[in-house]
1. Give me a comma-separated list of calculated 3J(HN,Hα) values for the range 129-146, in order, Karplus coefficients 6.51, -1.76, 1.60 applied at θ = phi - 60°, integers in Hz, x for any Gly or Pro.
2. With the cut-off at 1.5 for a/c, could you classify the range 40-99 from its C-alpha gyration tensor as rounded, prolate or oblate?
3. Are there chymotrypsin sites (Phe, Trp or Tyr not before Pro) in the range 145-191 that DSSP puts in a loop and that have at most 10 other Cβ atoms within 10 Å, and which ones?
4. Multiply the residue gap between LYS323 and TYR305 by 0.36 nm, knock off their C-alpha separation, and tell me the result in nm, one decimal place.
5. Leaving ligands, DNA and RNA out of it, work out the accessible area of ARG242 with a 1.4 Å probe and give it in Å² to the nearest 10.
6. For the chain, with only Lys/Arg (+1) and Asp/Glu (-1) charged at the beta-carbon, what is the dipole magnitude about the Cα centre, in debye rounded to 20?
7. Do you know the Lys pair count in the chain for C-alpha distances under 20 Å, with sequence separation 8 or more or different chains?
8. Fully extended, how many nm does the chain gain between ASP297 and ASP104 (0.36 nm per residue separation, minus their Cα-Cα distance)?
Amino acid sequence: MSFKRLEADDFVVSADSVTAAMWSTGNPILSEFYTSSVQAASSAGNYYLNVFNTGSALSGSQIQFAIAYGNANGSGSVPYNTSVSGASYTSTIYGQYQNIVLGDENASFIFGNITSSDFWALSLERAQYKESLFPGSLFLKLSGSLGIINLTDDSNYVSTITFGEAGRVYNLISASSAGVKATNSGTTSDGWSVSSGSYGFLLPDIGTILLNPVALSGSLTAGGIGLFVSRSSAAPGNNNSRMFRAITGSNARSFTLQSQETITSDFIFVRPRSSEFNYSENPSFISGSTGEVLYSDFINNPQVYITTIGLYNDSSELLAVAKLSRPLLKDFTKEALIRVKLDF
């Protein structure tokens, strides 16, 4: 075993962005959507509705995303206590996202240029992506009583990225395909609803999509599709199920999304010079009784094979091991350049 201290110019740091399909199916397009009647009927069902990729646990069913509805006034669900006005499941959801996204319990959600008191939240299952969602890959079809609408984010059309408490924020716009804005009679040049602002937010750093009910519930001429939202304060609004039906409605059933991960790599260049690493400390080369070298060729014309590189710190602690794909012959007539890649 031989050692050599690495210099500063032996290290190079690189960062690469890697994209992958969002869904557990390995396909960037999710077209099968199922819910659990057990989950929907439980206490958790009052807050959110899980969406699965198959209808049976035996066929590898996994949660892909969850649907939740939030309302600042607590509308859309029955109150926890009839004596306490505005305190309900939907107000809890609203306050949760208010803290996560806005970081201020007194702030309001502004979709484009319209302040909204409610929203639908599509929360992507955390196990389905490693770091964040990939802006520009979103293509979501929704259906309502007046027709369908295709949505994407405006990441390809903004020169300055907006940041909030939850990281990057992109507006949702009417789309012809993923990342491509559509020119519809009911939308502005920005791709928003004519009278109701943007269709929501894409929050890629927390894996969340917020949908603007006001924009989606409008008429076709105003950019909406007639997607009804219940704001009753005396009865369950079932708005989570309404959004599920919009996603799975006729001519919809298409949710395209990809994830993104930044992989940082350290490249370490190890350079055995011609005069270095030509001898072995293998005890089989040395006589155990006299300490003499057993093979004269190893004195006059040594040849060794490099198979492993170990990376040590100044305390002689082994930090990493790199294995060569095949043994590398080394003698006084040869030099080598070995590149070690560490991903983290």
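The values are calculated or read from the model by the stated rules, or taken from the named source; none is laboratory data. On a predicted model such as this, the values are computed, not experimentally measured, just so you know. Quick reminder, even Gly has a Cβ in these numbers, built from the backbone with ideal geometry, and neighbours come from all protein chains shown. Accessible surface areas use protein heavy atoms only, side chains included; no ligands, DNA or RNA. Shrake-Rupley method; radii C 1.70, N 1.55, O 1.52, S 1.80 Å.
1. So the Karplus estimates, Gly and Pro as x, are 9, 8, 10, 7, 7, 8, x, x, 9, 6, 8, 10, 9, 10, 10, x, 5, 9 Hz.
2. prolate
3. Loop-located and lightly packed - none at all.
4. Between LYS323 and TYR305, full extension yields an extra 5.2 nm.
5. ARG242 exposes around 60 Å² with every protein chain in place.
6. 1100 debye
7. Close lysine pairs found across the chain: 7.
8. 61.8 nm
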